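K.L.:
Supplied in structure tokens, the structure appears directly below.
Every number here is computed from the coordinates shown, using simple stated rules; none is lab data. In this text, all values refer to a predicted model and were calculated from it rather than measured experimentally. No Cβ is skipped: glycine too gets one built from the backbone with ideal geometry, and neighbour counts run over all protein chains shown.
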Amino acid sequence: MKVADFRSDTVTLPSEEMKSAMLKAPLGDDVYEEDPTVKELEEYSAHLLGKSAALFAPSGTQSNLLALLSHCQRGDEYIVGQHAHTYKYEGGGAAVLGSIQPQPIAFESPGIIPIDLIKQAIKPNDIHFAKTKLISLENTCFGCVVPQDYIHSTKSICDEYKLKFHLDGARLFNASVASNQSAATIAEPFDSISICLSKGLGAPVGSVLVGSFELIQEAKRWRKMLGGGMRQAGLLAAAGIYALKNNVERLAEDHQRAQILHEALSEIKGISLKPYSAQTNMVFIDVPEESLNQFHSLAKDNNIVLPNGKELRLVIHLDIDDDAINRLISVFKATYSE
Ligand SMILES: *Cc1c(COP(=O)(O)O)cnc(C)c1O
């Protein structure tokens, strides 16, 4: 029985085809801008998102940080969701390394910071205040596609107050496939977008920051300072190119499997799905405390790896097949009889 790991879409292993693309990639020293494969990945990413330039980074955390450091100065402020990755899950990097003050605001629903609260948080030009410089959104957020009309309303505020606009698009392609919009359409209003190659796209390592030529030049300086200047990085970039060319359309399969899992779980009493479950590749379900040990040990017996705790985020990805979904449904049914 194959191990089925539902903890995250970061756990995927590179396929044989991806590994062979990596081995064949022409390489050079990317700090000297001499790695043709890194250049190809950057040009292709910029093209896909309809922007002029891009920069390969070792992680999404670094790619988001590069954007914040490049847009903002010491003493500037960015507006961000209270549970957004760029605020909550990146070690406070913007504040620690950039002296950039975050202004977190609670999401009203996944990915949505109420427009009136954004407006209230924007500081007037007054020596008491940090200078509000940027708004950061996330798409998908908790597996939900952020509606494009909300993105455009937020963009209008950026225009009105002369703010920069960043997207943490770790799962931008899930949003694109689920909403039938091109990645470029979703990216259009933003000054910078960070995409992850190592989530559902299945590459082992890497993210790309996409934006204007000037922004990317600035980001390249910060990347070097942060230790993200990688040498023969084409080896990894090749996996990214393979992922972007072969693994985008298939995200729809992950979304379908999430839907199947969600529907099967919705028929089981005593467990409760979150309202935002299964919008793309994530199913969110709460299970009762009492049965947790039994549930987790049965999962283990079936070679299923789950997140800890009673509030479960189950993530579907390229290494989760129909059999894995069926096994997980059986574990749920065996623990919480219908
Ligand atoms: C995974 C993720 C990132 C980046 O994470 P890394 O592990 O640093 O690559 C950023 N934003 C979101 C929403 C993510 O899920």
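K.L.:
Express in whole angstrom the spacing between the alpha-carbon centres of the range 180-253 and the range 257-292.
P.N.:
The two parts, judged by their Cα centres, are 31 Å apart.
K.L.:
Over the range 29-170, what is the mean sequence separation of C-alpha contacts under 8 Å (at least six apart), divided by residue count, expressed as relative contact order in percent? Show your work: numbers first, answer last.
P.N.:
On the way: 196 pairs, mean separation 30.0, N = 142.
Normalised by residue count, the contact order of the range 29-170 is 21 percent.
K.L.:
Go ahead and estimate [θ] at 222 nm for the chain from helices alone: -39,500 (n - 2.57) per DSSP H run with n ≥ 4, summed, over the residue count, rounded to 500. Write down the numbers at each step before the final one.
P.N.:
Numbers: 14 runs with 145 residues, N = 338.
Computed ellipticity for the chain at 222 nm equals -12500 deg cm²/dmol.
K.L.:
Arranged from highest to lowest average of other beta-carbon atoms within 10 Å per residue, in what order do the peptides 105-111, 142-148 appear?
P.N.:
Values: 105-111: 17.0, 142-148: 20.0.
Ranking the peptides 105-111, 142-148 by packing returns 142-148, 105-111.
K.L.:
Would you mind calculating the relative contact order of the chain from Cα pairs under 8 angstrom and at least 6 residues apart, reporting the percent as a whole number? Write out the running numbers ahead of the final one.
P.N.:
On the way: 684 pairs, mean separation 85.8, N = 338.
So the answer I get is 25 percent.
K.L.:
Of Leu97, Leu65, Leu251, which is the most mobile in a GNM of the chain whose springs link Cα atoms less than 10 angstrom apart?
P.N.:
Between Leu97, Leu65, Leu251, it is Leu97 that shows the largest mean-square fluctuation.
K.L.:
So, one more: In Å, what Rg and Dmax follow from the Cα atoms of the range 123-258?
P.N.:
16.7, 53
K.L.:
Output the direction-averaged projected area (hull surface divided by four) of the convex hull of the alpha-carbon atoms of the range 250-336, in nm². Walk me through the numbers on the way to the answer.
P.N.:
Working: hull surface 19.8 nm².
Its Cα hull, projected and averaged over all orientations, spans 4.9 nm².
K.L.:
A further question follows. Taking amide H positions as placed 1.01 Å from N in the peptide plane, with prolines and chain starts having none, which residues 5 or more places from Val305, or on another chain, fall under 5 Å of its amide H?
P.N.:
Here the answer is Ala4, Asp5, Phe6, since their amide H atoms fall under 5 Å of that of Val305.
K.L.:
Report, as a whole number in µm² per second, the diffusion coefficient that Stokes-Einstein gives for the chain at 37 °C and 0.692 mPa s using the Kirkwood radius over alpha carbon pairs. Walk me through the numbers on the way to the answer.
P.N.:
Numbers: Rh = 20.8 Å.
Roughly 158 µm²/s, to the nearest whole number.
K.L.:
Quick one: compute the contact order of the range 70-144, relative version, from alpha carbon pairs under 8 angstrom and 6+ residues apart, as a percent. Intermediate results must be reported in sequence, preceding the final value.
P.N.:
On the way: 116 pairs, mean separation 30.9, N = 75.
With pairs under 8 Å counted, the relative contact order is 41 percent.
K.L.:
Can I ask one more? Suppose every K and R has +1 on its Cβ and every D and E has -1 on its Cβ; what is the size of the dipole of the chain about the Cα centre, in Debye to the nearest 20?
P.N.:
Taking the Cα centre of the chain as origin, the dipole is about 600 debye.
K.L.:
Another question, then. If Lys and Arg each add +1 and Asp and Glu each add -1, what is the summed charge of the other residues whose beta carbon sits under 12 Å from the beta carbon of Ser70?
P.N.:
Values: positive: Lys133, Lys164, Lys220, Arg221, Arg223; negative: Asp76, Asp191, Glu214, Glu218.
In short, +1.
K.L.:
Exposure proxy check: Lys88, Lys2 ranked by fewest other beta carbons within 10 Å? Kindly include the intermediate steps, with their values, before the conclusion.
P.N.:
Numbers: Lys88 14, Lys2 11.
Ascending Cβ contact count within 10 Å gives the list Lys2, Lys88.
K.L.:
Hey, another quick one. Ranking His317, His47 by Cβ neighbours within 10 Å, fewest first, what do you get? Walk me through the numbers before you get to the answer.
P.N.:
Values: His317 24, His47 13.
The order, fewest Cβ neighbours first, is His47, His317.
K.L.:
Need one word for the range 67-148: rounded, prolate or oblate. Basis is the Cα gyration tensor (sqrt eigenvalues a ≥ b ≥ c); a/c below 1.5 gives rounded, then a/b vs b/c decides.
P.N.:
On the way: a/c = 2.27, a/b = 1.38, b/c = 1.65.
Cα axes put the range 67-148 in the oblate bin.
K.L.:
Still on this structure, please answer the following. Taking the Cα centre of each part, how many Å lie between the range 102-170 and the range 1-80?
P.N.:
Between the Cα centres of the range 102-170 and the range 1-80 lies a distance of 24 Å.
K.L.:
Ranking Cys158, Cys196, Cys72 by Cβ neighbours within 10 Å, fewest first, what do you get? All intermediate terms of the calculation are to be shown ahead of the outcome.
P.N.:
Details: Cys158 19, Cys196 27, Cys72 23.
With the sparsest Cβ surroundings first, the list reads Cys158, Cys72, Cys196.
K.L.:
Which net charge results when you count Lys and Arg as +1 and Asp and Glu as -1 among the other residues whose beta-carbon is under 11 Å from that of Gln232? Walk me through the numbers on the way to the answer.
P.N.:
Numbers: positive: Arg231; negative: Asp29, Asp30, Glu34, Asp35.
My count for the surroundings of Gln232 gives -3.
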